[in-house]
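Nothing in this text is a laboratory measurement; each read-out follows from the coordinates by a stated rule. All values derive from a computational prediction rather than experimental measurement. Methodologically, a virtual Cβ is constructed for each residue, glycine included, from the backbone with ideal geometry; neighbour enumeration extends over all protein chains shown.
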Amino acid sequence: MTARTIRLYIGKGFTGVTVRQDANWPGMWRVHSPDGRVSDMVNLTRAKDAAVYCARPRGLGGTEIVRWDRRETRTEPVVEAAE
């Protein structure tokens, strides 16, 4: 199984904020901030909006360009521990 990760760039620099597809719920995404916080599940449009807000709480400047870089990453299957 491959999970999609989308990295947020503002201007020329990587913000450290990523949007990742949820492994268990198709079509749902989570925002991952550089400090380790993870958002609730939302659709892709809302996740991207939240990611921009996470990176720039005061909004974007007039000349800043938002760019998204998609990555496909292979995920390992989830193995549940026996009780």
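Pop out the ³J(HN,Hα) list for region 41-54 in order, Karplus 6.51 cos²θ - 1.76 cosθ + 1.60 with θ = phi - 60°, rounded to Hz; leave Gly and Pro as x.
After applying 6.51 cos²θ - 1.76 cosθ + 1.60, I find 6, 9, 6, 4, 4, 5, 5, 5, 4, 5, 5, 4, 5, 5 Hz.
When R70, R30 are ordered from fewest to most other Cβ atoms inside 10 Å of their Cβ, what list results?
R70, R30
Which ordering of L8, L44 is given by a fewest-first count of other beta-carbon atoms within 10 Å?
Final ranking by Cβ density, sparse to dense: L44, L8.
Can you sort T5, T18 so the residue with the fewest Cβ neighbours within 10 Å comes first?
T5, T18
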